[in-house]
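Scroll down for the structure; my scribbles are underneath it.
Coordinate-derived values only; no laboratory data. Just so we're clear, the structure is a prediction, and the values are computed from it rather than from any experiment. All Cβ positions, even for glycine, are placed from backbone atoms using ideal geometry, and neighbour counts span all protein chains on display.
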Amino acid sequence: MGKPPHPGAIAAGALRGYDISMLAARRFDSEDFRDFDMIVTMDAENLASVKRIQPQESVVPVTRLLDHAPETGVEDVPDPYYTGDFEPALDLIEAGCRGLLRDLGR
């Protein structure tokens, strides 16, 4: 089983009403292209890693979260594990999720 979220992420999420304490990281797997209709990554490095293992026959779209929020002027969600900037990262994640829902027509 993967590692839980950083305590700073848990705290930032809790301030906005999100309980992410029970989540755990896991490795992305090429089987995910069979199991999911869309793959969304947080940054260009993850995007490249995912695309490297995407089966040639797969038609599953792979995007960065902030591709769905061009109004932010940012392409990648910075990893707050290294910066400690959990609140700004969460702002970007929320904007990306709103955009993703909009793009999906929901």
Self-check item: Folded to 0 to 90 degrees: helix 86-103 orientation relative to the chain principal axis, Cα
Solution: 40 degrees
Self-check item: Cα-centre dipole for the range 28-103 with unit charges at Cβ (Lys and Arg positive, Asp and Glu negative), debye to 20
Solution: 220 debye
Quiz item: Ranking F28, F86 by Cβ neighbours within 10 Å, fewest first, what do you get?
Solution: F28, F86
Quiz item: Between Y81 and E57, what FRET efficiency comes out of the Förster formula 1/(1 + (r/R0)^6) with R0 = 41 Å and r the beta carbon distance, rounded to 0.05?
Solution: 0.75
Quiz item: Using just the C-alpha positions of the range 28-103 as equal point scatterers, what log10 of I(q)/I(0) does the Debye formula give at each q in 0.22 1/Å?
Solution: -0.99
Practice problem: For the range 34-48, just list the computed ³J(HN,Hα) in residue order, Karplus coefficients 6.51, -1.76 and 1.60, θ = phi - 60°, integers in Hz, with x standing in for Gly and Pro. | Solution: 7, 8, 10, 8, 7, 10, 10, 10, 8, 8, 5, 5, 5, 4, 5
Practice problem: Residues in the range 67-106, backbone N under 14 Å from the label point at F28 (7 Å along the Cα-to-beta-carbon vector): list them, ranges by number please. | Solution: 67, 76-77
Quiz item: Highest GNM mean-square fluctuation, the chain, Cα pairs closer than 10 Å: which of L92, L66, L23?
Solution: L23
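Taking the Cβ of each residue in R34, R98 as the centre, tally the other Cβ atoms inside 10 Å and list the residues starting with the fewest.
Working: R34 10, R98 13.
Sorted ascending by nearby Cβ count, the order is R34, R98.
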